[in-house]
Amino acid sequence: MMKKILLFLLSILTITACDPVVDNKSIGGVLSEDQLNLVVQSTSEGSNEILLENKTKRIGSYWDYIIGKSTKPQEIVRLPFVGELTITFTGLCDGGTVTTTRKVNVTKIDKEVEKEWTLFAGTDVNGKVWVWDADDNETVVYGTAGYGNDYAPGWSTFTLGQEVVEGKVVDPKEEMIFDLNTGANFRKVTSDGKELEKGTFKFDMSKQKFRAKGEIWSIGQLELFDATILCGSSCWNTTPVYVFDIIELTEDKMVLAWAAEGSEFEVWNEATFWCFKRK
C-alpha cells in the first residue's frame, strides 16, 4: 500500500514539473507618437502662459515643461522664457511609454512669473551682465567669513586683480551673463566677448537658511550646470562649485556664499563669499 502511495505522489510531481504555468494575458501595447492627442499652446497669442493638455484616452501623463514637471492630464504653466520652446511629453501606456515633443513660440512675458527670473536675467533677450562689485582695486569682492554668521567676505579678502591661489585670479576682465532666451542660460565671458564657459541655471527660493534667532541668512539657492561663476570655487582651491546660497539679490546687487558639505551652521565655520553687481 505504501509503495502505491509513493508511486502516486511521484507521478503528481513529475506531471507538475513538466507542466509549466503559462500566462497568456497581454500586458497591452504602446502607442506611437502620432497616436497621441496633445494640446500645447499659449493661452493667448505669443503669451508665456501655456496650456498643456493630454486628450489621449487611457494614457497617463508626464510633462516636462523646462522649469518643472507635471503628471496632470491638463496643466496651465507660466514660463519665464521667450522664443521657440520645446515641451516634452511622456505617455504612460499599458505596455510601456512613448515620448514626444511639442514646440510653442513665446513672444512676450505677459503673465507674472517669479521675480527672481528677471532679477537674475533681466527682461532683454540678450540677458543681464554681472561683474565684480567694485569701482576700483580697493574694494573687497571675494573671500571668506563665517558660515551663517556673516554676509560678506571679512576674514581672508581679495580685490580686483589679486591672485587667490596659483592659477586663480580675481579677474576684472571676466563677466557672466544670465539670459532667458528659450531657456535659463548662463555664460561666463571675457569683457571683449570671448566665451569661457556655457551652461544653464535654476534657483529655489524655498531653500532659505535661518539663524538661531529667526533672522534670515540666505534667501534661496542658486544652482548652475556645466559652468560656474567668476572665481567659481572656494578660496583655497580650484575645484568648481555649482550650488550657492543666495545672500542678496536685487536688480543691481548679488551676493552668493558657499560652505563645504557638512559644515555646521552659525558656529564660525568658514564660508566663501562672492560680491557682484549689474554692469
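The values are calculated or read from the model by the stated rules, or taken from the named source; none is laboratory data. Just so it is clear, the model here is predicted, and its values are computed rather than measured. Note: ideal-geometry Cβ built from the backbone for every residue, glycine included; neighbour counts use all protein chains shown. Areas reflect the complete protein model, heavy atoms only, side chains present, ligands, DNA and RNA absent. Shrake-Rupley method; radii C 1.70, N 1.55, O 1.52, S 1.80 Å.
The figures follow:
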{"item": "Segment 141-158: number of residues that are part of a loop (DSSP other than H, G, I, E, B) and touching a Leu at 6+ places or on another chain (Cβ under 9 Å)", "result": "1"}
{"item": "Residue 193 in a loop (DSSP other than H, G, I, E, B), small (Gly, Ala, Ser) and touching a residue at least 12 places away in the same chain (Cβ under 8 Å)", "result": "no"}
{"item": "Residues of segment 221-239 satisfying the condition of being assigned to a strand (DSSP E or B), under 13 Å from the mean Cα position of the chain (by Cα) and either in contact (Cβ under 8 Å) with a residue 60 or more places away in the chain or buried (at least 18 other Cβ atoms within 10 Å of the Cβ) (or both)", "result": "221, 222, 224"}
{"item": "Some residue of segment 108-115 being touching a residue at least 60 places away in the same chain (Cβ under 8 Å), of a type in the set (D, E, K, R) and closer than 30 Å to residue 165 by Cβ", "result": "no"}
{"item": "Test result for residue 179, farther than 23 Å from residue 142 by Cβ, free of Cβ contacts under 8 Å to residues at least 60 places away in the same chain and charged (D, E, K, R)", "result": "yes"}
{"item": "Number of positions in segment 251-279 that are among the small types (Gly, Ala, Ser) and assigned to a strand (DSSP E or B)", "result": "2"}
{"item": "Considering residues of segment 245-279 that are under 17 Å from residue 158 (Cβ atoms) and free of Cβ contacts under 8 Å to residues at least 60 places away in the same chain only, the residue most open to solvent (accessible area, probe 1.4 Å)", "result": "258"}
{"item": "Candidate set: segment 171-186, residues that are of a type outside the set (A, V, I, L, M) and surrounded by 18 or more Cβ atoms within 10 Å (Cβ to Cβ); chosen: the one farthest from the chain's Cα centre (by Cα)", "result": "174"}
{"item": "Tally, over segment 115-128, of residues that are crowded, with 17+ Cβ neighbours inside 10 Å and either part of a helix (DSSP H, G or I) or more than 20 Å from the chain's Cα centre (by Cα) (or both)", "result": "6"}
{"item": "Search result, residues across segment 188-218 that are within 21 Å of residue 270 (Cβ to Cβ) and crowded, with 17+ Cβ neighbours inside 10 Å", "result": "209, 217, 218"}
{"item": "Residues (within 27 Å of residue 202 (Cα to Cα) and of a type in the set (Lys, Arg)) located in segment 33-77", "result": "69, 72"}
{"item": "Some residue of segment 129-151 being touching a strand residue (DSSP E or B) at 6+ places or on another chain (Cβ under 8 Å), surrounded by fewer than 19 Cβ atoms within 10 Å (Cβ to Cβ) and without any contact (Cβ under 8 Å) to a residue 12 or more places away in the chain", "result": "no"}
{"item": "Residue satisfying all of: in segment 159-179; modelled with pLDDT of 95 or more and not in a strand (DSSP E or B); nearest to residue 107 (Cα to Cα) among these", "result": "173"}
{"item": "Selection status of residue 156, open to solvent by less than 70 Å² (accessible area, probe 1.4 Å), at pLDDT 95 or above and of a type in the set (Ser, Thr, Tyr)", "result": "yes"}
